[in-house]
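The values are calculated or read from the model by the stated rules, or taken from the named source; none is laboratory data. Being a predicted model, the structure only gives us computed values, none of them experimental. Counting neighbours? That spans all protein chains shown, and the Cβs are built from the backbone with ideal geometry, glycine included.
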Amino acid sequence: MTGSVMDAATRQPIAGAKLHYEKYPDRVVLTSNDGVFAFPAIRKWQLVPLGPYDRFDKLHLRVDAVGYRTGEVELPPWGDSILHVFYLDQGQ
């Protein structure tokens, strides 16, 4: 997953924001000076038995930045690369 983290009011990039999956809190990625991040794949494609879609865990990606409210997005359990822009509101 790649994307950027921006201030919701000013649309300016937020450098140093921390992103992590709730399920994998030890795997942290920081945004660059221009607010961009690139999160390496957590899961790889594999053959699985056919069954209900909802039996697979969804991933929750969280983003935290000093002075901003936490952002979160729910991702499907598999899929192609995703580009996501987080717009964070100021405040705690």
* Leading residue by the ranking (nearest to the chain's Cα centre (by Cα)) among those in region 22-34 that are in a loop (DSSP other than H, G, I, E, B) and more than 17 Å from Ile82 (Cα to Cα) -> Glu22
* Structure fact -> Of the residues in region 1-21 that are part of a loop (DSSP other than H, G, I, E, B) and of a type in the set (Gly, Ala, Ser), the one that is surrounded by the fewest Cβ atoms within 10 Å (Cβ to Cβ) is Ala9
* Asked: Residue check, Leu30 against (1) under 17 Å from Tyr68 (Cα atoms); (2) modelled with pLDDT under 95; (3) not β-branched (Val, Ile, Thr), all met but one. Which one?
  -> (2)
* **Segments classed as strands (runs of 3 or more DSSP E), wholly inside region 37-92, with at least 1 members that are more than 19 Å from Pro25 (Cα to Cα) and at pLDDT 85 or above** => 83-88
